[in-house]
Structures are given as structure tokens and as C-alpha cells.
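Beneath this line is the structure, given in C-alpha cells, with notes to follow.
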Amino acid sequence: MATRTRTAPARKGARHRLITFEKDAATPRKVSNALRTHGCCVVKNLVSTRVMGKVRRELQPWLDRTGTGEGDFIGRYTKRVGGLMARSRTVGEKLAIHPMVLEAVDAMLLDRCHHYHLSPTQCVSIGPDETPQPLHRDDAIYPFNHPGKPSVITVIWAVTDFTLENGATQAVPGSHLWDDERMPGDRDKVVQAVMPAGSAIIYDGALFHGGAPNFTNQWRTGIILGYALGWLRQEENQYLACPPEVARDLPVKLQKLIGYQLHPPFLGWYEMQDPSYALREAGDTLPGAGELLDTDAGETAQNLNTSLKRT
Ligand SMILES: O=C(O)CCC(=O)C(=O)O
Ligand SMILES: [Fe+2]
């Protein structure tokens, strides 16, 4: 008897949305899959309120001595403090190198670079009466066409609770797949990353998003940590923000993430050495030029070059 095969109904395009994971369900694979499909996801309570309390105490003195911004994009009722690797030990050790986040970023960026770097590090405190920030793409600082492979992954950590009323980040799920002509319009669904302190929204830098208006009388504080392909210039100048005399005391993993490491084949050298050389105490003599191009790294770069030319 002939078997009849049923034709599967045509697959509709994925309905784009902001998925929220509980901490224990948020595996790097699920997070990176959500980023590929929807461009963003929220992970709730990724660090404890105790950790966020520490972050808040470390950053409050910096916020206190910082004025509000002077433009519609950065916000006229919003305070921004950068240089976070030098200004908050807890942001560096508990947020920037959070293992789950790094594994998810690995999955998103490591097919286009040997390693990635921290790009912007910024505390964003949205004050009462702030108006919406224009929706934008964080990766617009680089001249890549959209849609394309991700070059930037951004994480915004909630230091205070993020609510609908106090300015929880707005995002347009699926917009990371749009071309360069399309801008968010009235028919596009804008969602907000409502989440308790200690949670984070993670998104592809190509996703349209922005700060939201703050209708309350409290400050909404978040921390932006962006990760960019290791051969791109970092958005924030990390070597001024976290100079060698400060970076010297940080965990090696963080030093590397800041950029104190050579990207193969020999990008970013200092004194013809790996830039971690700058973290040593200076001696009286200068080193002889290092053979920076080690064969393995050179091959990696070669493979990357070949695959990049295909994309
Ligand atoms: O603070 C926020 O919610 C978003 C800020 C942002 O996207 C930016 O300044 O690039
Ligand atoms: Fe942004």
C-alpha cells in the first residue's frame, strides 16, 4: 500500500520575542540560540542582590560626582560613568568575566576572531523625567552591512530593578536581522527588559534598542558591558580607561579581555611584545623584538582571513 506523506505546513517566520530565562535554565547554548533567533534575551537573577549591592556601593561615589548628559541620545537626565574596570572591582570580577556570559559570547563571536575584547563599559543611571533614547544599533560604530554576522554583543546588567515605569531598556526583537534601510516604525513591536536587580539583557549589537523614559522619582541604574571582535578598535579606549598601573592588579582573564593581549597574527603589540608586557614593572633595559608570529596563532589568523573573505 502506498504511503501518503503529509506535506508539512509552510513554516512561518519565527515570531520574534524577548525570551526570559531563569538563571539555572540559562545555558550558553540557549542564550546564544536566543540571540541568533530573536537578537536578545533576558537572564533573571544572574548574580545575587548582594553582588549588585556591592557594585552599587562601588559606583555610587562616581555617580555622585558626575553630571547629567547634554544630548538627546545620551540623555539630559541621565548620568553615565565609564572606565568601569578601573572603578569597580566587582563589575570586573563578577560581571565582565561572568562564565555563562563569556561562553555565550564565545558562541556568538569566536567564528570571526581569535578572541574578543571589552568595548564599552558604562554605568547608565536614568533619572526622573528622562525621555526615551532613540532606538539604535550598538554596532553602528563599525562599517559592516546588515544583516551580517555579529561583531558586538552587549550585556546590560540591572543594578536597580528595571521596571516599565523607570526606564527598563527597550528592544525590538528580530531587528538584528533587518537590513540597513529599515528603521523601527509604528508597526514594530517594542518590548522592555523588565527584570530585577542582578539580571541582564544580552543582545546582538545589531538589535535596535534604547533606554526608556523614567516616569518615577527614582534612578534606574544599569551597566553596559559590550564585547567586540578582537581585531576591531574598542568603542571605549580601554588603555586610557584602565592603564597598565591599574590593570596590573586585575585577574589575568580580565586583563586579556581589556585588551592586554595580542590578537593573532600580531595586532596590538607594544615594544614588539605581547601588550601584557606593559603590565610588568619597567626595568632599565628594553627587550629585543619578540617573534610575535607564532605558527599556531598565525595559522588561526590565516583561517580567519580566509573565512572572513567568504562572509
Ligand atoms: O540604558 C539603557 O537601557 C540603554 C542604553 C543604551 O543602549 C546606550 O546608551 O547605548
Ligand atoms: Fe545602546
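The values are calculated or read from the model by the stated rules, or taken from the named source; none is laboratory data. None of the values given here were measured: they were computed from a predicted structure. Note that we place each Cβ from the backbone using ideal geometry, even for glycine, and neighbour counts take in every protein chain shown.
Just a few scattered comments:
- All positions within segment 69-101 that are closer than 25 Å to Cys41 by Cα, touching a residue at least 60 places away in the same chain (Cβ under 8 Å) and part of a helix (DSSP H, G or I): Leu84, Met85, Val91, Gly92, Glu93, Leu95, Ala96, Met100, Val101
- Assessment of segment 236-250 against the conditions (at positive phi and not small (Gly, Ala, Ser)) yields no matching residue.
- Some residue of segment 139-149 being buried (at least 21 other Cβ atoms within 10 Å of the Cβ) and of a type outside the set (A, V, I, L, M): yes
- Checking each residue in segment 162-186 for being assigned to a loop (DSSP other than H, G, I, E, B) and either buried (at least 18 other Cβ atoms within 10 Å of the Cβ) or not assigned by TED's automatic domain parsing to the domain that holds Ile74 (or both) picks out Thr163, Asn166, Gly167, Ala168, Thr169, Val172, Pro173, Gly174, Trp178, Pro184.
- Test: residue in segment 294-307 that is outside any loop (DSSP other than H, G, I, E, B) and at pLDDT 85 or above: no
- Within segment 192-211, tally of residues that are within 15 Å of ligand 2 (Cβ to nearest atom) and either touching a Cys at 6+ places or on another chain (Cβ under 9 Å) or under 20 Å from Leu102 (Cα atoms) (or both): 10
- In segment 24-50, residue nearest to Val194 (Cα to Cα) [restricted to those that are surrounded by fewer than 18 Cβ atoms within 10 Å (Cβ to Cβ) and of a type in the set (Val, Ile, Thr)]: Thr49
- Residues satisfying the criterion are present in segment 115-136 (criterion: away from ligand 1 (no atom under 16 Å from the Cβ) and either outside the structural domain of Lys253 (by TED's automatic domain parsing) or assigned to a loop (DSSP other than H, G, I, E, B) (or both)).
- Those residues of segment 115-135 which are surrounded by fewer than 23 Cβ atoms within 10 Å (Cβ to Cβ) and over 17 Å from the mean Cα position of the chain (by Cα), in sequence order: Gly127, Pro128, Asp129, Thr131, Pro132, Gln133, Pro134
- Scanning segment 246-284 for residues that are among the β-branched types (Val, Ile, Thr) and under 19 Å from Glu235 (Cα atoms) yields a single hit, Ile258.
- Within segment 268-297, if we keep just the residues that are among the aliphatic types (A, V, I, L, M) and surrounded by 15 or more Cβ atoms within 10 Å (Cβ to Cβ), the residue that is nearest to Asp111 (Cα to Cα) turns out to be Ala297.
- Being touching a Pro at 6+ places or on another chain (Cβ under 8 Å), in a loop (DSSP other than H, G, I, E, B), away from ligand 1 (no atom under 11 Å from the Cβ) and farther than 17 Å from Thr216 by Cα holds for only one residue in Lys149, Lys189, and it is Lys189.
- Ala278, sole failed condition from (1) among the aliphatic types (A, V, I, L, M); (2) within 17 Å of Cys113 (Cβ to Cβ); (3) modelled with pLDDT of 80 or more: (2)
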